[in-house]
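Student: Take this structure first; my questions come after.
The values are calculated or read from the model by the stated rules, or taken from the named source; none is laboratory data. A quick note: this is a predicted structure, and the numbers were derived from the prediction, not measured. Glycine gets a Cβ as well: all are built from the backbone with ideal geometry, and neighbour counts include every protein chain shown. In case anyone asks, the SASA skips ligands and DNA or RNA and just uses the protein heavy atoms, side chains included. Shrake-Rupley method; radii C 1.70, N 1.55, O 1.52, S 1.80 Å.
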Amino acid sequence: QVQFVESGGGLVQPGGSLRLSCAASGIMFSSYVMAWYRQSPGKQRELVASISTGGLPNYADSVKGRFTISRDNAKNTVYLQMNNLKTEDTAVYYCKARFPWLEYWGQGTQVTVSS
């Protein structure tokens with residue numbers, strides 16, 4: 001059974017930081033491309049960042065220089081370090097695992113950036 005446990009979301013002021021974690025079980029984690037997506041009310045879900053099986057990151061232009069994605073294959077966990085948060089970063093953040101013909105989604109964690 002594939003499971004994801006996402007954590008680290010919450011309420012933070014503009015300029016603050018949060019670190020999201022997504023711990024996976026039931027998959028060969030090291031073989032999956034991992035990614036973080038987000039969705040805010042009334043908007044489509046969008047890719048925030050992804051990281052290849054070899055550790056190569058990729059970022060949306062809106063978060064470049066502020067967010068860092070990383071993975072720890074020994075812990076089956078992917079992280080998203082978010083710095084200098086802006087109100088427009090408010091959304092539900094989802095982790096996703098992708099194999100060539102398979103993909104799995106986490107349940108999402110709310111991030112709210114507000115003063």
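Student: Before I look further, what does segment 36-115 give for accessible area per residue, probe 1.4 Å, in whole square angstrom?
Tutor: Dividing the accessible area of segment 36-115 by its residue count gives 55 Å².
Student: Continuing with this model, one more query. Please get the size of the charge dipole for segment 6-115, origin at its Cα centre, with Cβ charges of +1 on Lys and Arg and -1 on Asp and Glu, quoted in debye to the nearest 20.
Tutor: Computed about the Cα centre, the dipole is about 60 debye.
Student: Can I ask one more? Antiparallel DSSP bridges in the chain: what percent, to the nearest 5?
Tutor: Here the share of antiparallel DSSP bridges comes out near 95 percent.
Student: Please compute the contact order of segment 23-115 in relative form: average sequence separation of alpha-carbon pairs under 8 Å and at least six residues apart, divided by the residue count, as a percent.
Tutor: 28 percent
Student: Please enumerate, by chain and number, the aspartates and glutamates with C-alpha under 16 Å from the C-alpha of K86, excluding those fewer than 8 residues away in the same chain.
Tutor: Qualifying aspartates and glutamates at Cα under 16 Å: D61.
Student: Sort V2, V48 by heavy-atom solvent-accessible area, probe 1.4 angstrom, most to least.
Tutor: Working: V2 50, V48 0 Å².
Per-residue accessible area, sorted high to low, gives V2, V48.
Student: Between A74 and S31, what is the FRET efficiency for a Förster distance of 22 Å, r being their Cβ-Cβ separation, to the nearest 0.05?
Tutor: Once rounded, the FRET efficiency stands at 0.95.
Student: With Cβ to Cβ distances under 9 Å as the rule, what net charge do the other residues near Y37 carry (K, R +1; D, E -1)?
Tutor: Summing Lys and Arg as +1 and Asp and Glu as -1 gives +2.
Student: I want to verify a result. In a Gaussian network model of the chain, Cα cutoff 10 Å, which of these has the top mean-square fluctuation: K96, K64, K86?
Tutor: Evaluated over the chain, the most mobile residue of the options is K64.
Student: Compare P57, P100, P14 in a GNM of the chain, Cα atoms joined below 10 Å, and give the one with the largest fluctuation.
Tutor: Comparing P57, P100, P14 in the GNM, the peak value goes to P100.
Student: So, one more: To check my understanding: the extent here is largest minus smallest coordinate of the Cα atoms along each principal axis. What are those three numbers for segment 22-100, in Å, largest first?
Tutor: Dimensions of segment 22-100 along the principal axes of its Cα atoms: 35, 25, 20 Å.
Student: Still on this model: Hey, which aspartates and glutamates would be in cross-link range of K75, C-alpha to C-alpha under 20 Å, not counting anything within fewer than 8 residues on its own chain?
Tutor: Straight-distance partners of K75: E6, E103.
Student: Report in % the part of the accessible area of the chain that belongs to carbon and sulfur, leaving out ligands and nucleic acids; probe 1.4 Å.
Tutor: Exposed carbon and sulfur together represent 48 percent of the surface.
Student: Here's another thing I want to ask about it. Between L102, L56, L80, which gets the highest mean-square fluctuation from a Gaussian network model of the chain, Cα cutoff 10 Å?
Tutor: L102
Student: Ok, one more. Please work out how much length the chain gains when fully extended from W101 to S7, using 0.36 nm per residue of separation minus the C-alpha to C-alpha distance, in nm with one decimal. Walk me through the numbers on the way to the answer.
Tutor: Values: separation 94, 0.36 × 94 = 33.84 nm, distance 2.66 nm.
Extending this stretch completely gives an extra 31.2 nm.
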